[in-house]
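K.L.:
Below you'll find the structure I mean.
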Amino acid sequence: MYDLTVIIPTFNEEANIRNIVLAVDAVFRENSLNGQVLVVDDNSSDGTIPAVTDLKRIHPNVDILVRTEDHGLSQSVADGFRHAASEVFVVIDADFSHPPVLIPRMYEEIKKGYDVVIGSRYMEGGGIKDWPLKRRIISTGATFLGRLLFPDVTDPVSGFFAVRKSVVFSAPLKPRGYKILLEVLGKGTWEKDKEIPFEFVDREAGASKLKLKTIVEYAQQVVDISIHSFLHRDNAAWREWTRIFKFGIVGLSGIIVNLGILIGLVELFGISEDLGGPIATECAIISNFFLNDLWTFRTFENGKHSSRWRRLVAFNVVSAGGALINIGIYLFLINVFAVYYPLAQFIGILVGFIWNFTVNRRFTWKKARPKK
């Protein structure tokens with residue numbers, strides 16, 4: 001039994017495979033780790049398989065699993081989970097996009113009690129080097145969708161991570177595409193996660209395998225994880241969907257508060273409609289804030305990080321932004337595309353709601369972590 005297994009999924013990586021295997025093995029030796037290198041190959045047509053076979057003769061801790069069916073990076077990693085000879089797995093790309101020198105740190109964090117340790121490109125200290133604009137846009141969009149499910153994880157679609165075997169052992173994984181970490185987070189059994197920054201360096205040898213099919217598979221994966229969270233209800237994604245639902249209920253209550261106060265001010269107190277509208281709106285915002293603070297995010301330890309009044313100011317600013325987005329989209333759709341006005345308003349409300357939830361979740365309550 002090894003201390004950890006580094007899983008390297010490959011397909012036609014002849015240009016990189018020997019160097020990455022030797023680099024990982026060197027990290028093992030330099031840090032006195034009893035580690036296994038498991039190459040999981042999708043039946044490459046180049047020299048990848050012979051290269052690893054040659055390395056096996058010299059390095060007994062190197063192994064290869066050749067897959068002839070159901071090809072794909074995520075599928076390869078999932079098969080690697082099942083064949084690894086350790087209780088801790090580290091997933092790393094073959095093209096040196098992920099730095100092998102961070103493997104020991106990931107392993108140490110797992111030993112400290114974390115269930116999942118993620119190499120993050122998007123936290124402070126991380127970054128991306130030499131990526132074209134198109135790929136940056138795609139990655140940003142994928143990360144945004146992933147953070148809707150796991151907002152406390154800055155890089156839920158990272159391909160560089162460590163995980164305990166117990167997290168994925170009985171998980172109903174349905175791997176597809178390239179975002180296996182999202183599948184692990186959505187369906188695995190875990191409580192504590194840790195992120196460490198790293199700089200992603202684009203491959204120097206070989207060809208990138210990002211295609212339109214990958215984007216479609218990712219969208220399907222997000223839907224599948226969302227359905228799974230609704231069916232099982234005891235995971236991080238379900239808890240986030242619950243917050244979104246509560247946030248929506250609070251928003252609906254704000255409409256009632258707004259209309260009730262407006263009618264009261266105008267009809268009972270004789271305040272002008274021009275003045276009553278803004279007062280009623282601000283009262284609704286305040287009501288929404290306190291309901292969210294005390295209900296939607298009540299399990300968050302907010303008091304340790306910021307005062308309630310600061311959060312109220314932040315909530316006001318974000319809500320103003322949501323209102324402007326709503327109005328802007330409404331006017332744009334009816335004037336540019338002649339969209340039927342109720343539909344245009346609905347789309348504006350929906351986009352404004354997404355803005356309000358995601359921005360408030362990340363900034364108004366940004367430093368609050370769920371209680372374990």
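The values are calculated or read from the model by the stated rules, or taken from the named source; none is laboratory data. It should be emphasised that the depicted structure is a prediction, and the values quoted were computed from it without experimental measurement. Reconstructed Cβ throughout: ideal geometry from the backbone, glycine too, with neighbour counts over all protein chains shown.
K.L.:
Name, by its number, the condition in (1) of a type in the set (S, T, N, Q); (2) more than 28 Å from the chain's Cα centre (by Cα); (3) modelled with pLDDT under 90 that does not hold for SER253.
P.N.:
(3)
K.L.:
Has segment 62-73 got any residue that is of a type in the set (A, V, I, L, M), within 28 Å of the chain's Cα centre (by Cα) and in the same structural domain as LYS174 (by TED's automatic domain parsing)?
P.N.:
Yes, that holds for at least one residue.
K.L.:
Exactly one of these conditions fails for GLY264: (1) small (Gly, Ala, Ser); (2) at pLDDT 90 or above; (3) in contact with a helix residue (DSSP H, G or I) (Cβ under 7 Å, 6 or more places away or on another chain); (4) more than 17 Å from PHE357 (Cβ to Cβ). Give me its number.
P.N.:
(3)
K.L.:
Let me ask something additional. Got a number for residues in segment 1-13 being closer than 24 Å to GLY72 by Cβ, part of a loop (DSSP other than H, G, I, E, B) and either in contact with a Phe, Trp or Tyr (Cβ under 8 Å, 6 or more places away or on another chain) or outside the structural domain of ALA85 (by TED's automatic domain parsing) (or both)?
P.N.:
Final tally of qualifying residues: 0.
K.L.:
Now for a separate question. Can you confirm whether segment 240-248 contains a residue that is assigned to a helix (DSSP H, G or I), assigned by TED's automatic domain parsing to the domain that holds PHE290 and small (Gly, Ala, Ser)?
P.N.:
yes
Yes/no matrix, rows are residues, columns are (1) of a type in the set (A, V, I, L, M); (2) closer than 26 Å to ASN31 by Cβ:
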{"residue": "GLY47", "(1), (2)": "no, no"}
{"residue": "VAL90", "(1), (2)": "yes, yes"}
{"residue": "ASP93", "(1), (2)": "no, yes"}
{"residue": "LYS129", "(1), (2)": "no, yes"}
{"residue": "ARG135", "(1), (2)": "no, no"}
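K.L.:
Out of PHE169, PHE150, which single residue is under 8 Å from the mean Cα position of the chain (by Cα) and in the same structural domain as ARG105 (by TED's automatic domain parsing)?
P.N.:
The unique qualifying residue is PHE150.
K.L.:
May I pose another question? Does VAL91 qualify as being within 20 Å of LEU173 (Cβ to Cβ), β-branched (Val, Ile, Thr) and in contact (Cβ under 8 Å) with a residue 12 or more places away in the chain? I'd like the intermediate steps shown before the answer.
P.N.:
Working: within 20 Å of LEU173 (Cβ to Cβ): yes; β-branched (Val, Ile, Thr): yes; in contact (Cβ under 8 Å) with a residue 12 or more places away in the chain: yes.
When the stated conditions are applied, VAL91 passes them.
K.L.:
Answer yes or no: is there a residue in segment 257-268 that is closer than 25 Å to PHE297 by Cβ, surrounded by fewer than 17 Cβ atoms within 10 Å (Cβ to Cβ) and small (Gly, Ala, Ser).
P.N.:
Yes; the residues of segment 257-268 include at least one that is closer than 25 Å to PHE297 by Cβ, surrounded by fewer than 17 Cβ atoms within 10 Å (Cβ to Cβ) and small (Gly, Ala, Ser).
K.L.:
Only one of ASP202, ASP193 is within 26 Å of ARG136 (Cα to Cα) and either at pLDDT below 95 or not assigned by TED's automatic domain parsing to the domain that holds GLU14 (or both); which?
P.N.:
Residue meeting the stated conditions: ASP202.
K.L.:
Does ASN19 satisfy being touching a strand residue (DSSP E or B) at 6+ places or on another chain (Cβ under 6 Å) and surrounded by fewer than 18 Cβ atoms within 10 Å (Cβ to Cβ)?
P.N.:
no
K.L.:
Residue pairs, Cβ under 8 Å, 6 or more apart or interchain, first in segment 14-35 and assigned by TED's automatic domain parsing to the domain that holds GLU87, second aromatic (Phe, Trp, Tyr) and part of a helix (DSSP H, G or I). List them.
P.N.:
Here the result reads LEU33/TYR107; ASN34/PHE28; GLY35/PHE28, each pair linking segment 14-35 to a residue that is aromatic (Phe, Trp, Tyr) and part of a helix (DSSP H, G or I).
K.L.:
Right, something else. Quick one: which of ILE138, ILE128, ILE227 is within 28 Å of ILE354 (Cβ to Cβ), in the same structural domain as LEU102 (by TED's automatic domain parsing), at pLDDT below 90 and under 17 Å from the mean Cα position of the chain (by Cα)? First the steps, then the outcome.
P.N.:
Details: ILE128 fails: at pLDDT below 90; ILE227 fails: at pLDDT below 90.
Going through ILE138, ILE128, ILE227 in turn, the sole match is ILE138.
K.L.:
For segment 172-184, enumerate the residues that are under 15 Å from the mean Cα position of the chain (by Cα) and among the aliphatic types (A, V, I, L, M).
P.N.:
ILE180, LEU181, LEU182, VAL184
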